[in-house]
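The structure appears right after this line, and notes come after that.
The values are calculated or read from the model by the stated rules, or taken from the named source; none is laboratory data. Being a predicted model, the structure only gives us computed values, none of them experimental. All Cβ positions, even for glycine, are placed from backbone atoms using ideal geometry, and neighbour counts span all protein chains on display. These accessible areas exclude ligands, DNA and RNA; they are computed on the full protein's heavy atoms, side chains included. Shrake-Rupley method; radii C 1.70, N 1.55, O 1.52, S 1.80 Å.
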Amino acid sequence: MPKDTEELVFKKIFRFIRLSIIGILWTYIFVLVSNWELISLWNFNFLSSHSWKTISRFWQAGGVIKSAKDYLFLLNLILIPVVWIWGWRYLARQNYISILIWPYTAYNNYMIKKLSAPSKIALKNVGSASNDVEIIKNQIESIKPEKPKEVLDIRKNIQNKINTASDKK
């Protein structure tokens, strides 16, 4: 078997195992929470056959959904599998490494904000930045060597010769 094929097989096996573990944990938590909600709101245990028989007898006896509470109960029963599947898909897409290192990144961001805050220390006798730039420019210009007068005279003579030569043409 080629190496790439083996890697693909292992990736698929890993994804399947990951999805199965997430599904098992999510199903356990979801069943506990949704069953607790139904028991506390409507005294209905959807894991109990007795509760389902009670609904069946009510419906067979010509029961009618009258109040908003009944509609909410029916909507809740319909949405249980939808929310279960949606939650499983959502959790399967999460990056759990980032969730595990979240405390460290949160602390890091806190320290960055704390240390990058403006200083509360007032510095005296410090001029503005534009003032400093002008002072430095003036110092540089004062350091520049002055051109000797002879060099300037030579340049003028060369320029004059160039001008007279161009005028003759």
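Scanning segment 1-39 for residues that are over 31 Å from the mean Cα position of the chain (by Cα), open to solvent by 100 Å² or more (accessible area, probe 1.4 Å) and of a type in the set (A, V, I, L, M, F, W, C) returns Met1, Trp36.
Tell me yes or no: at least one residue of segment 79-97 is at pLDDT below 85, assigned to a helix (DSSP H, G or I), charged (D, E, K, R) and surrounded by 10 or more Cβ atoms within 10 Å (Cβ to Cβ). If you could, list the steps in order and put the result at the bottom.
Taking segment 79-97 and keeping what is at pLDDT below 85, we get none.
No, every residue in segment 79-97 fails to be at pLDDT below 85, assigned to a helix (DSSP H, G or I), charged (D, E, K, R) and surrounded by 10 or more Cβ atoms within 10 Å (Cβ to Cβ).
Set side by side, the residues Lys144, Lys124, Lys137, Lys113 differ, and just one is farther than 30 Å from Leu19 by Cα, modelled with pLDDT of 85 or more and not hydrophobic (A, V, I, L, M, F, W, C), which is Lys113.
Step by step: first the residues of segment 40-61, then only those that are assigned to a loop (DSSP other than H, G, I, E, B) and on the phi < 0 side of the Ramachandran plot, then the one that is surrounded by the fewest Cβ atoms within 10 Å (Cβ to Cβ). Which residue is that? Of everything passing the filter in segment 40-61, Ala61 is surrounded by the fewest Cβ atoms within 10 Å (Cβ to Cβ).
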